[in-house]
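Quick notes on the structure that follows.
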Amino acid sequence: MVLINPDALDGWEPDQTRELIYRDIFEHEQMVNRPSGIVGSVYIAGGLAWDGETGAGPALGKRPLGRYLHSGGSSAISDSAQEAA
């Protein structure tokens, strides 16, 4: 769940907050657009992953906050749900 400040979003000028940052993991620059004040917090599976004022939440990187979604393979959707779709 992402909590967004609607007033900050309303006044946001996207062209003013774009920047190129060097990402060691990719070994090249990446364009990002991370305006401050718009995202108040991010929760994953009920755990605080990001706080807009303080940054990473205490659980981020310390314990799993979710799970991967796999493509193909077995389906997590029940047969009756698939039939209804």
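Specify the residue that is farthest from Gly46 (Cα to Cα); the eligible residues are those in the stretch 1-25 that are in contact with a Pro (Cβ under 9 Å, 6 or more places away or on another chain) and touching a residue at least 24 places away in the same chain (Cβ under 8 Å). Among them, the one singled out is Trp12.
Can you pull out every residue in the stretch 30-75 that is among the acidic types (Asp, Glu) and exposed (fewer than 15 other Cβ atoms within 10 Å of the Cβ)? Outline the logic, then answer.
So the first thing to find is which residues in the stretch 30-75 are among the acidic types (Asp, Glu), and the list is 51, 53.
Within the stretch 30-75, Glu53 is the sole residue that qualifies.
Pairs are defined by a Cβ separation below 8 Å, a sequence spacing of at least 6 or placement on different chains, a first member in the stretch 42-59 that is free of Cβ contacts under 8 Å to residues at least 12 places away in the same chain and charged (D, E, K, R), and a second member that is surrounded by 15 or more Cβ atoms within 10 Å (Cβ to Cβ) and part of a loop (DSSP other than H, G, I, E, B); the pairs so defined are Asp51/Gly57. If you filter the stretch 65-85 down to residues that are more than 30 Å from Ser36 (Cα to Cα), in a loop (DSSP other than H, G, I, E, B) and among the small types (Gly, Ala, Ser), you find that the one that is modelled with the highest pLDDT is Ser71.
The values are calculated or read from the model by the stated rules, or taken from the named source; none is laboratory data. Note that this is a predicted model, so its numbers are computed, not measured. Note: ideal-geometry Cβ built from the backbone for every residue, glycine included; neighbour counts use all protein chains shown.
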